[in-house]
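In what follows, a single structure is set out as structure tokens and then discussed.
Values in this text are rule-based calculations from the coordinates and carry no lab data. If you're wondering where the values come from, they're calculated on a predicted model, not measured in any experiment. Methodologically, a virtual Cβ is constructed for each residue, glycine included, from the backbone with ideal geometry; neighbour enumeration extends over all protein chains shown.
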Amino acid sequence: MADHSTRAAYTVDSLLAVTVRVFNERGYDGTSMEDLSRAAGISKSSIYHHVRGKEELLRLAVGRALDALFAILDEPAAAAGRPVDRLEHVVRRTAEVLIAELPYVTLLLRVRGNTATELWALERRRDFDHRVAELVQAAVAAGQLRADVEPRLATRLLFGTVNSLVEWYRPGQRGADALPDAVARFAFEGLRAR
């Protein structure tokens with residue numbers, strides 16, 4: 001009789017961590033349930049004990065990233081105060097969330113709309129971007145940001161900068177703690193009205 005006492009007990013969270021790693025390595029479309037089973041070291045039936053399938057795993061993973069991003073918009077520093085200060089808080093916190101949830105945000109940024117879950121994720125990302133663009137517009141209207149940069153373009157540039165971190169940032173890099181402040185400083189020194 002085999003000793004299964006050393007086998008790790010899987011939870012949805014631990015299964016999700018393995019799943020996100022495999023999705024990021026192979027792509028969602030290029031990953032099978034067999035691949036996930038092998039990577040987790042458990043049977044496919046054990047995976048199905050926790051979730052209905054691969055798309056539910058994707059929804060849980062990108063949902064985790066989206067929930068963390070949307071939670072920023074509800075923080076007191078994002079909800080009240082001068083628009084430019086609120087915007088700077090959102091940019092800084094978005095960089096912090098990206099660093100803290102790097103594999104999940106990486107996966108979110110790679111969805112292309114090939115499944116119902118990917119379409120849902122893209123729609124929520126657009127909603128987040130729209131809410132930030134409104135904040136940019138409010139800061140421009142208040143004379144706190146340059147008026148010569150169209151708000152939707154400014155939003156894309158801000159989040160293009162933040163989102164580029166997934167391409168080169170690696171956990172444990174020296175100076176990582178200062179990264180969110182560096183991103184905000186870089187962005188806002190060029191955008192603030194003089």
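Given H placed 1.01 Å from N in the peptide plane, which residues other than close sequence neighbours of LEU145 have an amide H under 5 Å from its amide H?
Residues meeting the amide H criterion: VAL140, ALA193.
Cut-off 10 angstrom, C-alpha nodes, Gaussian network model of the chain. Which of LEU107, LEU69, LEU179 fluctuates the most?
LEU179
Nearest 10 degrees is fine. How inclined is helix 83-100 to the longest principal axis of the chain, computing both from alpha carbons?
Rounded to the nearest ten degrees, it is 20.
Can you sort THR161, THR106, THR19 by how many other beta carbons sit within 10 Å, fewest first?
With the fewest neighbours first, THR161, THR106, THR19 line up as THR161, THR106, THR19.
State, to one decimal in nm, how far the label point of LEU157 lies from the label point of ARG38, with both points 7 Å from Cα in the Cβ direction.
In this crude spin-label approximation the distance works out to 4.6 nm.
Taking region 17-115 as the region of interest, what is the percent of Cα-Cα pairs per 10 angstrom bin, listed from the shortest bin to the one with the maximum distance?
15, 39, 26, 14, 6, 0
Could you give log10 I(q)/I(0) at q = 0.09, 0.10, 0.11, 0.15 Å⁻¹ for region 62-191, computed by the Debye formula over C-alpha point scatterers of equal weight, without solvent?
With no solvent term, the Cα-only Debye profile gives -0.25, -0.31, -0.37, -0.69.
Note the full-extension length gain between ARG185 and ALA141 as 0.36 nm times their separation in residues minus their Cα-Cα distance, in nm to one decimal.
My answer for the length gained is 13.7 nm.
So what does log10 I(q)/I(0) come out to for region 12-54 at q = 0.17, 0.31 Å⁻¹, using the Debye formula with one equal point on every Cα and no solvent?
Result of the Debye calculation: -0.36, -1.24.
Can you list the HN-Hα couplings for region 69-74, worked out from phi with the Karplus curve (6.51, -1.76, 1.60; θ = phi - 60°), rounded to whole Hz and with x for Gly and Pro?
5, 5, 4, 4, 5, 9
For the chain, what relative contact order do you get, as a whole percent, if you take Cα pairs closer than 8 Å and at least 6 residues apart?
Reported as a whole number, the value is 21 percent.
Measure nothing but the geometry: give the 0 to 90° angle between the long axis through the Cα atoms of 179-191 and the longest principal axis through the Cα atoms of the chain, rounded to 10°.
Once rounded, one gets 30 degrees.
In the chain, if the dipole is taken from +1 on Lys/Arg beta carbons and -1 on Asp/Glu beta carbons about the Cα centre, which of TYR104, GLY143, SER32 is farthest to the positive end?
My answer, from the dipole projection, is GLY143.
When the chain is modelled as a GNM with alpha-carbon springs shorter than 10 Å, which of VAL84, VAL12, VAL136 fluctuates the most?
Maximum among the listed residues: VAL12.
Among GLY172, GLY160, GLY41, which one moves the most in a GNM of the chain with springs linking Cα atoms closer than 10 Å?
Highest fluctuation of the listed residues: GLY172.
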